[in-house]
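J.: Just passing along the structure, written as structure tokens.
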Amino acid sequence: MAEITTIARPYAEALFRRAQETGQAARWSEHLAWLTSLVENEQVAGVISNPRLTREQLVHFILGLSETPLDSETQNLVATLAENHRLGALPAITRQYEGLRHEHEGILDAQITSAYPLSESQVQQLMKHLERRLGKQVRVHVVVDSALLGGISIAIGDRVIDGSVRARLEQMAVALKH
């Protein structure tokens with residue numbers, strides 16, 4: 001995971017700088033989301049990993065999947081990633097780009113992991129509490145993971161607030177061993 005993050009960082013930073021220069025941050029978000037959805041598609045991933053395809057064929061294939069012609073900068077991105085065998089890094093590039101964009105816009109991304117599904121009002125309540133506590137706008141993504149047993153865990157960047165039953169049980173086990 002760290003390796004793909006390291007590979008993706010320079011691409012994401014370069015794209016973000018270019019988006020800032022041109023005022024096209026939203027357009028890049030759209031193009032990156034579309035490209036990411038492509039490479040995450042099982043059939044497309046199979047084609048991308050085919051060693052018999054030349055880089056030119058691969059670029060032509062990907063660009064041909066777009067319903068509307070992509071601008072020259074996006075075409076250059078696809079060609080660069082294909083040439084460097086980095087098309088598989090697109091999801092990580094997109095995550096890092098969006099992180100940079102949100103940071104610039106003063107928005108924090110939070111992942112709330114819950115043992116059980118949360119209602120919309122519970123999510124809104126958590127979001128408002130986080131916004132008050134952090135002083136920034138927060139976008140939340142909710143994941144259900146029954147392994148938590150109960151409670152929730154909130155991850156914002158490298159900060160984790162773990163209020164899960166599993167974490168409390170692990171803390172108790174450590175305390176009992178000492």
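The values are calculated or read from the model by the stated rules, or taken from the named source; none is laboratory data. Being a predicted model, the structure only gives us computed values, none of them experimental. Cβ: placed from backbone, ideal geometry, glycine included. Neighbour counts: every protein chain shown.
J.: Taking residue 29, is it of a type outside the set (Val, Ile, Thr) and either in contact (Cβ under 8 Å) with a residue 60 or more places away in the chain or in contact with an Asp or Glu (Cβ under 8 Å, 6 or more places away or on another chain) (or both)?
T.: Values: of a type outside the set (Val, Ile, Thr): yes; either in contact (Cβ under 8 Å) with a residue 60 or more places away in the chain or in contact with an Asp or Glu (Cβ under 8 Å, 6 or more places away or on another chain) (or both): yes.
For residue 29, the condition - of a type outside the set (Val, Ile, Thr) and either in contact (Cβ under 8 Å) with a residue 60 or more places away in the chain or in contact with an Asp or Glu (Cβ under 8 Å, 6 or more places away or on another chain) (or both) - is met.
J.: So residue 36 clears everything in (1) farther than 13 Å from residue 88 by Cβ; (2) touching a helix residue (DSSP H, G or I) at 6+ places or on another chain (Cβ under 8 Å); (3) hydroxyl-bearing (Ser, Thr, Tyr) except one condition, right? Which one?
T.: (1)
Okay, residues lined up against (1) surrounded by 20 or more Cβ atoms within 10 Å (Cβ to Cβ); (2) at pLDDT 90 or above; (3) not charged (D, E, K, R):
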residue	(1), (2), (3)
35	yes, yes, yes
42	no, yes, no
80	no, yes, yes
88	no, yes, yes
91	no, yes, yes
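J.: For segment 11-24, check the following and say yes or no: at least one residue is closer than 30 Å to residue 157 by Cα and of a type in the set (Ser, Thr, Tyr).
T.: Scanning segment 11-24, I find at least one residue that is closer than 30 Å to residue 157 by Cα and of a type in the set (Ser, Thr, Tyr), so the answer is yes.
J.: Can you tell me which of (1) closer than 23 Å to residue 107 by Cα; (2) touching a strand residue (DSSP E or B) at 6+ places or on another chain (Cβ under 9 Å) is the one residue 151 doesn't meet?
T.: Against the list (1) closer than 23 Å to residue 107 by Cα; (2) touching a strand residue (DSSP E or B) at 6+ places or on another chain (Cβ under 9 Å), residue 151 comes up short only on (1).
J.: Also, quick follow-up: Only one of 111, 96 is outside the structural domain of residue 35 (by TED's automatic domain parsing) and within 21 Å of the chain's Cα centre (by Cα). Can you tell me which? First the steps, then the outcome.
T.: On the way: 96 fails: outside the structural domain of residue 35 (by TED's automatic domain parsing).
Residue meeting the stated conditions: 111.
J.: Here's another thing I want to ask about it. Within segment 1-19, count every residue that is over 16 Å from residue 77 (Cβ atoms) and touching a residue at least 12 places away in the same chain (Cβ under 8 Å).
T.: 2
J.: For residue 169, indicate whether it is free of Cβ contacts under 8 Å to residues at least 24 places away in the same chain and surrounded by fewer than 17 Cβ atoms within 10 Å (Cβ to Cβ). Can you show your working first?
T.: Numbers: free of Cβ contacts under 8 Å to residues at least 24 places away in the same chain: yes; surrounded by fewer than 17 Cβ atoms within 10 Å (Cβ to Cβ): yes.
Criteria met by residue 169.
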